[in-house]
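The values are calculated or read from the model by the stated rules, or taken from the named source; none is laboratory data. As the structure is a computational prediction, the values presented were derived from the model and not from experiment. A quick note on method: Cβ atoms are made from the backbone with ideal geometry, for glycine too, and the neighbour counts reach across all protein chains shown.
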Amino acid sequence: MTYARRRTESKRGYNWTWWVVCIAGLLCMAFISVRMMDSVGSLEGQQLDNSVFSWRRGPQAQGEPRQLASKALRPDKLAPSQAPLAGILEAAAPAPLKLESSSRVSPPPATAATDRSVASGEPPAKPSPPDTTEVVDLSLGRPATGDVHGNLGPPKLVTAAGGSKDWLKDRWQAATGMSGVPIPGEHWLRVDLADAESRLERVVLDFEVAHAKIYLLETSKSDSGPWRKLTEVRTCCSKHLTVRSSGHHVVHTITRPAMEDWKADRFVRARFTHLATMWGVSVYRFRVFGRAVLSVG
């Protein structure tokens with residue numbers, strides 16, 4: 001009887017101790033679970049803060065390369081309490097991107113002219129020759145001729161260097177006799193520029209008081225023509241004409257308009273169609289300024 005009672009009491013004590021151990025274990029597990037949930041929540045909040053901070057700061061506006069906000073979750077930077085997540089972060093981290101460089105250069109796109117030349121078997125057209133960058137006096141010292149010799153100096157004087165010094169001998173005039181009787185009709189002066197092609201910027205005609213009020217600037221590949229008009233000059237209304245008078249000189253400066261291209265050939269001439277005075281036409285200097293086009297090949 002005494003033995004049975006002792007055995008029953010011992011069983012009751014064992015059962016009470018076992019229940020205490022189980023409850024303590026459950027409490028420990030619950031405590032660990034709560035700690036892990038707090039760690040995960042703090043990491044997510046840190047990741048969200050980093051993302052918002054990166055977006056507000058504008059890394060590209062500051063000249064910095066764009067970086068992922070998850071960079072703050074590197075396993076080697078975690079706190080000791082966050083160590084259990086290191087393996088998960090390492091497994092979930094994306095592999096770095098590799099950029100492959102290529103030395104291949106794309107060929108230039110084919111043009112319509114190239115396609116036509118290849119299809120027809122003809123060689124491609126040569127590129128347009130470049131211009132010289134400096135505007136120079138293309139007529140300086142070049143041969144000059146006129147339709148008439150005149151009664152004063154020869155036509156070649158109009159391209160000579162320097163200014164005129166002698167009122168009579170340093171100019172060409174379409175007149176006859178010592179009294180200077182005008183020769184009726186149109187007259188012209190022609191300059192040989194020697195260059196096969198040039199682009200003119202301005203022309204200066206230094207007239208005597210006997211000047212022209214309407215004339216043409218023309219060009220040609222040959223001294224005999226045909227002639228192609230560059231521009232027509234009218235003293236009454238040409239916007240690209242500037243007139244300056246001084247003593248016995250009436251200087252006309254004709255400047256190329258911005259929207260026009262004065263592409264000149266070897267010969268340039270001024271053809272005087274209407275005269276301004278009863279004394280005919282007389283010219284001291286005929287200057288042609290422009291850029292010579294360089295030949296290719």
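Table for the structure above
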item: All positions within the stretch 276-289 that are surrounded by fewer than 21 Cβ atoms within 10 Å (Cβ to Cβ) and at pLDDT below 95; result: 276, 277, 278, 279
item: Matching residues, the stretch 261-275, being part of a strand (DSSP E or B) and exposed (fewer than 13 other Cβ atoms within 10 Å of the Cβ); result: 274
item: Qualifying residue in the stretch 164-176 (condition: outside any loop (DSSP other than H, G, I, E, B), assigned by TED's automatic domain parsing to the domain that holds residue 286 and more than 24 Å from residue 279 (Cβ to Cβ)); result: no
item: Any hit, the stretch 239-253, residues being in contact (Cβ under 8 Å) with a residue 40 or more places away in the chain, loosely packed, with under 13 Cβ neighbours inside 10 Å and assigned by TED's automatic domain parsing to the domain that holds residue 177; result: no
item: Filter pass, residue 177 being at pLDDT below 95, out of contact with any His (no Cβ under 6 Å at 6 or more places or on another chain) and at positive phi; result: yes
item: First in the stretch 216-238 and on the phi > 0 side of the Ramachandran plot and in the same structural domain as residue 147 (by TED's automatic domain parsing), second anywhere and among the charged types (D, E, K, R) and modelled with pLDDT of 95 or more, Cβ under 9 Å, 6 or more apart; result: 225/218
item: Restricting the stretch 181-201 to residues that are under 30 Å from the mean Cα position of the chain (by Cα) and in a loop (DSSP other than H, G, I, E, B), the residue that is farthest from residue 134 (Cα to Cα); result: 196
item: Hits in the stretch 202-217 (condition: outside any strand (DSSP E or B) and within 15 Å of residue 233 (Cβ to Cβ)); result: 211
item: Residue count, the stretch 187-198 (criterion: farther than 16 Å from residue 157 by Cα and modelled with pLDDT of 95 or more); result: 1
item: Test for residue 228: is it at pLDDT 90 or above and surrounded by 14 or more Cβ atoms within 10 Å (Cβ to Cβ); result: no
item: Complete set of residues in the stretch 162-189 that are charged (D, E, K, R) and crowded, with 22+ Cβ neighbours inside 10 Å; result: 171
item: Selection status of residue 271, in contact (Cβ under 8 Å) with a residue 40 or more places away in the chain and touching a Leu at 6+ places or on another chain (Cβ under 6 Å); result: yes
item: Only one of 258, 292 that is in a strand (DSSP E or B), farther than 25 Å from residue 176 by Cβ, at pLDDT below 95 and not basic (Lys, Arg); result: 292
item: Test result for residue 168, hydrophobic (A, V, I, L, M, F, W, C) and within 27 Å of residue 257 (Cα to Cα); result: no
